[in-house]
Amino acid sequence: MTKLTTKQIIDLNKEYTFFSWSVQGQVNPILVERGEGVYFWDGDGKRYLDLSSQLMNDNIGYQHPKVVKAIKEQADKLCFVHPGNATDVRGMLGKKLAEITPGNLKKTFFALGGAESNENAIKIARFYTGKHKILAHYRSYHGATHGAIALTGDYRRPPVEPAMPGVVHFLNPHCYRCPFGQQPETCNHQCINHLEEVIQYENPNTIAAIFLEPVVGSNGIIVPPDFYWPRVREICDKYGILLIADEVMSGWGRTGQWFAVDNWGVVPDMITTAKGITSGYLPLGAVIVSEPISKFFDDKYLYAGLTYNGHTLALATALATIETYEQEHLIENARELGKYLGERLENIKAQHVSVGDVRYIGLFSAIELVENRETKKVMPSNVMAQVGKVLRENGVFTFVMANNLGSIVFVVPPLIITKEQLDEGLKVIELALEVADGQTN
């Protein structure tokens with residue numbers, strides 16, 4: 001068989017496959033041939049440092065031998081069974097999730113990704129409460145399927161509407177761009193008052209759940225103020241509304257805790273998750289529900305099912321991934337190295353006039369670029385394209401966002417990253433920021 005060139009392979013990909021969230025004629029993909037640790041190599045042998053964990057999911061890095069071995073062993077034993085059958089990996093993973101999730105979360109419905117998990121959490125919330133409305137943030141992303149895109153508040157929802165009915169959006173607690181005109185030092189918690197007012201307008205007797213990312217992910221790593229999640233929990237309890245935490249991106253050690261809600265000691269009624277549960281090695285999603293919700297279905301039919309619910313290869317991968325988090329102390333590394341990252345980001349902000357804000361919790365961070373610090377005018381997309389070009393040319397791969405809501409450089413590396421590797425990446429980011437600094441006024 002003739003070996004294809006890098007260009008030939010990329011051309012085949014572009015001609016015969018669709019790429020997500022893009023104008024197809026404008027995509028410029030990297031041919032990724034192999035990966036190891038926090039690095040991957042393209043078809044021409046160029047090495048890239050991954051500062052976005054691919055799609056914020058490759059938490060344990062590339063090709064971890066323990067997880068690869070577990071996949072091979074499970075494949076040799078049993079690749080797939082009917083979802084109505086029991087397997088050892090299904091039982092063991094369900095038990096493990098009950099142990100590491102907070103509070104009384106106990107029983108899991110397995111899916112193949114975050115969107116599927118959120119779809120089924122919507123169903124379960126509506127079955128359990130007998131109510132139909134769901135509240136969600138505007139600055140949010142919950143997936144691209146019919147129900148999940150309805151929950152989503154960002155720019156990806158309107159083009160595909162009409163979506164699932166019954167979702168009401170409300171404003172985020174975004175301290176840098178506070179929609180209520182507050183300053184952090186004089187904040188009077190208008191974001192919480194706003195949520196409660198929306199609940200009153202919508203009638204709490206019609207609201208099944210409030211569905212939130214504990215830390216907003218792909219919309220710019222928006223870390224809520226410490227009062228926010230405890231107060232949302234109180235409001236849900238007050239009105240008999242379920243609280244669902246979408247931990248698809250913020251879970252699995254990313255914030256320095258197993259799950260982001262653990263940072264505020266809050267126990268939601270459900271956690272939905274995916275991504276880091278297998279570090280992306282195989283597709284898997286999960287909906288973990290509280291014990292009262294699980295018992296509800298002991299004598300009631302659960303109208304939810306998927307062909308790949310409980311896929312043995314995926315479950316074995318998750319068990320090995322979780323063991324890797326524990327044995328290699330990756331959550332602790334995210335917590336401790338995250339403190340250093342925060343210090344470095346604050347220093348970068350002080351040194352570069354194009355940086356309006358830096359946000360961070362654990363190894364979940366973002367640099368927001370602006371044309372003017374006083375007006376907070378968003379850095380134009382053409383400048384962000386230049387920033388991204390400098391990053392790529394200098395061997396750093398990360399997600400660069402540019403839209404009317406904000407221009408962001410994400411710093412979300414694998415949890416295995418070292419201080420030296422982090423410095424290596426931040427040095428390139430500072431080089432790219434020099435381009436943006438020249439566009440400020």
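The values are calculated or read from the model by the stated rules, or taken from the named source; none is laboratory data. Since this is a predicted model, take the numbers as computed values, not measurements. Please note: Cβ atoms are built from the backbone with ideal geometry, for glycine as well, and neighbour counts cover all protein chains shown.
How many of the residues in the range 411-421 are buried (at least 19 other Cβ atoms within 10 Å of the Cβ) and assigned to a loop (DSSP other than H, G, I, E, B)?
Residues that pass the stated criteria total 6.
State yes or no: is residue 408 in a loop (DSSP other than H, G, I, E, B) and either under 17 Å from residue 53 (Cα atoms) or assigned by TED's automatic domain parsing to the domain that holds residue 47 (or both)?
Judged against the criteria, residue 408 is not a match.
In the range 193-305, which strands (runs of 3 or more DSSP E) lie fully inside it and hold 1 or more residues that are touching a residue at least 12 places away in the same chain (Cβ under 8 Å) and acidic (Asp, Glu)?
Here the list reads 242-246.
Identify, please: which residue in the range 174-192 is in contact (Cβ under 8 Å) with a residue 40 or more places away in the chain and out of contact with any Asp or Glu (no Cβ under 8 Å at 6 or more places or on another chain) and is, among those, farthest from residue 373 (Cα to Cα)?
192
So which of 202, 234, 197 is in contact with a Lys or Arg (Cβ under 7 Å, 6 or more places away or on another chain), modelled with pLDDT of 95 or more, surrounded by fewer than 21 Cβ atoms within 10 Å (Cβ to Cβ) and of a type outside the set (S, T, N, Q)? First the steps, then the outcome.
Working: 234 fails: in contact with a Lys or Arg (Cβ under 7 Å, 6 or more places away or on another chain); 197 fails: in contact with a Lys or Arg (Cβ under 7 Å, 6 or more places away or on another chain).
From the options 202, 234, 197, the qualifying one is 202.
Looking at the range 337-348, I want the residues that are outside the structural domain of residue 369 (by TED's automatic domain parsing) and have a partner that is part of a helix (DSSP H, G or I) with Cβ atoms under 9 Å, at least 6 apart or on another chain. Which pairs are those?
Qualifying pairs under 9 Å: none.
Suppose we filter the range 361-377 for residues that are surrounded by fewer than 23 Cβ atoms within 10 Å (Cβ to Cβ) and touching a Gly at 6+ places or on another chain (Cβ under 6 Å); how many remain?
Final tally of qualifying residues: 3.
How many residues, within the range 337-396, are assigned to a helix (DSSP H, G or I) and of a type in the set (S, T, N, Q)?
We begin by selecting, within the range 337-396, every residue assigned to a helix (DSSP H, G or I); these are 337-351, 381-393.
Pick out the ones that are also of a type in the set (S, T, N, Q) and you get 347, 351, 381-382, 386.
Qualifying residue count for the region: 5.
Somewhere in the range 157-172, is a residue among the polar types (S, T, N, Q), assigned by TED's automatic domain parsing to the domain that holds residue 123 and in contact with a strand residue (DSSP E or B) (Cβ under 9 Å, 6 or more places away or on another chain)?
Yes, the conditions are met somewhere in the range 157-172.
Condition test on residue 41, is it touching an Asp or Glu at 6+ places or on another chain (Cβ under 8 Å) and not polar (S, T, N, Q)?
Details: touching an Asp or Glu at 6+ places or on another chain (Cβ under 8 Å): yes; not polar (S, T, N, Q): yes.
Judged against the criteria, residue 41 is a match.
Tally time: how many residues in the range 291-335 are among the acidic types (Asp, Glu) and buried (at least 17 other Cβ atoms within 10 Å of the Cβ)?
The total comes to 0.
Against the condition in contact (Cβ under 8 Å) with a residue 40 or more places away in the chain and aromatic (Phe, Trp, Tyr), how does residue 48 come out, does it pass?
Against the criterion (in contact (Cβ under 8 Å) with a residue 40 or more places away in the chain and aromatic (Phe, Trp, Tyr)), residue 48 qualifies.
From the list 246, 269, which one is more than 16 Å from the chain's Cα centre (by Cα) and surrounded by 24 or more Cβ atoms within 10 Å (Cβ to Cβ)? Let's see the steps before the verdict.
Values: 246 fails: more than 16 Å from the chain's Cα centre (by Cα).
Matching residue, one of 246, 269: 269.
Pick out the one residue from 110, 40 that is closer than 25 Å to residue 330 by Cβ, in the same structural domain as residue 247 (by TED's automatic domain parsing), touching a residue at least 60 places away in the same chain (Cβ under 8 Å) and under 26 Å from the mean Cα position of the chain (by Cα). Don't jump to the end; show me each part of the working.
Details: 40 fails: in the same structural domain as residue 247 (by TED's automatic domain parsing).
Just a single option satisfies the conditions, and that option is 110.
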